[in-house]
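The values are calculated or read from the model by the stated rules, or taken from the named source; none is laboratory data. As the structure is a prediction and not an experimental result, all values here were calculated from the model. For neighbour counting, all protein chains shown are included, and Cβ atoms are generated from backbone atoms with ideal geometry for every residue, glycine included. Note: areas computed on protein heavy atoms with side chains; ligands, DNA, RNA excluded. Shrake-Rupley method; radii C 1.70, N 1.55, O 1.52, S 1.80 Å.
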Amino acid sequence: MSGETWTFVGIAVAVVFAVVGLVLVLQSREPGRHADPGTRPSRDAFRQGEAPEPPPRKRAAVVVNPTKFEDLDEVHEKLKKVCADHDWDDPLFLETTKDDVGFGQTREALEQGVDLVCALGGDGTVRAVGEELVGTDVPFGLLPGGTGNLLARNLLLPVDDLEKAMAVALTGRNRRIDVAWMVLDEDDESLELEEGAGANSSSGPRKHAFFVMAGLGLDAAIMDSTSEELKKRIGWAAYVPSGFSHWLGDRFTTTVAIDGGAEETKRARMVVIGNCGKITGGIELMPDAEPDDGLLDLIVLAPRGVAAWASVAARVVTRSDRTSSDLSRSKCTAATVRVDEKQRVQLDGDIIGEASRLAVEIEPRAVVVRTEVGKNGSPTS
């Protein structure tokens with residue numbers, strides 16, 4: 001072949017290769033350009049989807065003692081408004097009864113899956129609700145409704161503003177506190193329980209939780225003889241006349257053993273076991289007591305006359321922790337107490353009966369309470 005012929009052949013081969021390459025490229029693009037419309041995502045798939053539904057609002061339960069309020073409907077409306085203002089659902093209201101002071105109502109609230117359980121009544125309502133919340137991790141809200149509001153006072157919570165207390169319960173910080181237990185000896189032949197004491201409690205009639213103080217002797221006698229009507233009218237000052245009528249009563253013999261140690265016997269007017277230190281009137285009976293230190297504070301009070309009482313009063317007012325024969329102080333995690341003659345027994349201000357033998361122990365950090373501030377005024381978490 002001539003040179004021109006070879007040139008023509010080369011050009012022809014190059015053209016063939018170019019055409020074949022172009023065909024292959026077009027074939028490789030065909031499925032993407034002409035795919036079945038049914039296999040392609042719809043145009044709506046590229047549009048922004050609808051906003052998801054908001055999560056359900058939280059809900060609180062309020063276990064309320066209706067006898068503490070003249071207008072319960074007004075109380076309901078106030079608490080509903082506070083909940084609405086904080087984007088919570090209307091609260092579940094559960095009323096206490098003569099036969100159940102809050103135990104069963106609290107269990108019902110837990111069964112309904114509420115996010116918070118509040119006690120609205122006296123210290124007895126607080127004690128019942130708190131007892132059923134032990135170990136549940138469901139927060140406990142304290143709303144003022146009684147004369148003492150002792151646990152709320154010890155935790156620096158509002159005691160004269162219902163709406164503010166509810167706001168703290170909804171939005172406050174969680175603080176774990178101890179619960180103290182009193183166990184009454186079932187073999188105590190002198191044991192006489194008040195009608196309905198511990199009724200419907202999960203723990204039964206002989207095991208009772210308390211959060212502030214328990215005692216037998218003088219303090220229980222004072223609380224037992226104080227008029228409920230007078231407490232409604234003048235508050236904690238109602239205990240004063242009752243105190244004067246009992247403060248020089250007969251002493252009794254008590255035998256105390258702490259943390260399984262040796263027994264100590266002495267004459268006394270009252271024995272008080274505390275988880276918190278502040279009592280009615282803002283008095284710091286146990287200045288070193290903390291509700292979350294895992295310890296109980298135990299006092300044996302035994303003044304014999306006016307001068308001894310004056311000395312004891314001075315030490316209480318000045319928050320002295322000095323121990324003497326008139327006022328002895330101990331710290332422990334458990335204790336047993338025996339008396340030579342049965343005495344009235346109180347738990348957070350409620351009389352539960354008469355007994356001559358009992359035991360107490362602490363369960364550390366067993367309840368979650370909603371608070372404004374933590375220990376010594378510092379924020380909690």
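Among the residues of region 204-230, count how many are part of a loop (DSSP other than H, G, I, E, B) and at pLDDT 95 or above.
2
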Can you tell me how many residues within region 246-263 are surrounded by fewer than 20 Cβ atoms within 10 Å (Cβ to Cβ), under 18 Å from residue 303 (Cβ atoms) and at pLDDT 95 or above?
1
From the set of residues in region 55-73 that are of a type in the set (D, E, K, R) and assigned to a helix (DSSP H, G or I), which is surrounded by the most Cβ atoms within 10 Å (Cβ to Cβ)?
68
Only one of 213, 166 that is under 17 Å from the mean Cα position of the chain (by Cα), under 24 Å from residue 340 (Cα atoms) and in contact (Cβ under 8 Å) with a residue 12 or more places away in the chain
213
Given the conditions (1) acidic (Asp, Glu); (2) under 22 Å from the mean Cα position of the chain (by Cα); (3) open to solvent by 30 Å² or more (accessible area, probe 1.4 Å), which single one is not true for residue 348?
(3)
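Quick grid of which residues meet (1) over 29 Å from the mean Cα position of the chain (by Cα); (2) more than 17 Å from residue 153 (Cβ to Cβ); (3) loosely packed, with under 14 Cβ neighbours inside 10 Å; (4) not polar (S, T, N, Q):
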| position | (1), (2), (3), (4) |
| --- | --- |
| 271 | no, yes, no, yes |
| 297 | no, no, no, yes |
| 303 | yes, yes, no, yes |
| 330 | no, yes, no, no |
| 333 | no, yes, no, no |
| 336 | no, yes, no, no |
| 343 | yes, yes, no, no |
| 357 | no, yes, no, yes |
